[in-house]
1. If R₀ is 25 angstrom, what is the calculated FRET efficiency for the pair TYR29 and ARG53, using the beta carbon separation as r and rounding to 0.05?
2. Taking H as built 1.01 Å from N, whose amide H comes closer than 5 Å to the amide H of ASN72, not counting residues under 5 places away?
Amino acid sequence: MSSHRAFVVLPLLAAIAACAANPSAADSYWRSSAGSRADFATDNQSCGAAATRRVPTPRADQLAGGAVAPDNRIDRPPRPWVSAEAERAYMDCMAERGWTLARR
């Protein structure tokens, strides 16, 4: 019976190890050569505000709402925006200030 268990358990363990070895997007975080946590918080806030202003103006029959900047932190991957245009503006702004995504 124990040899049959080994044939069941070993492939399962191999599959788990293979999944753990491949980095995912959740392993990303922010990095800057000259930035600190305080710098990130300041840049995140100003880039988030700038990105929310980049959202297209609503039509006359739509309610004005804009995009809400997600709560990003230096030790977590960036959270997705509802607006692709605002997300692109935010990522461009952070890149201009020297912040990039890096693997842990």
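Here, each number is a calculation from the coordinates, and none is a lab measurement. Quantities reported herein were computed from a predicted structural model and do not represent experimental measurements. Cβ atoms come from the backbone with ideal geometry, glycine included; neighbour counts cover every protein chain shown.
1. Details: r = 26 Å, r/R0 = 1.05.
So the FRET efficiency works out to roughly 0.45.
2. Under 5 Å from the amide H of ASN72: no residue qualifies.
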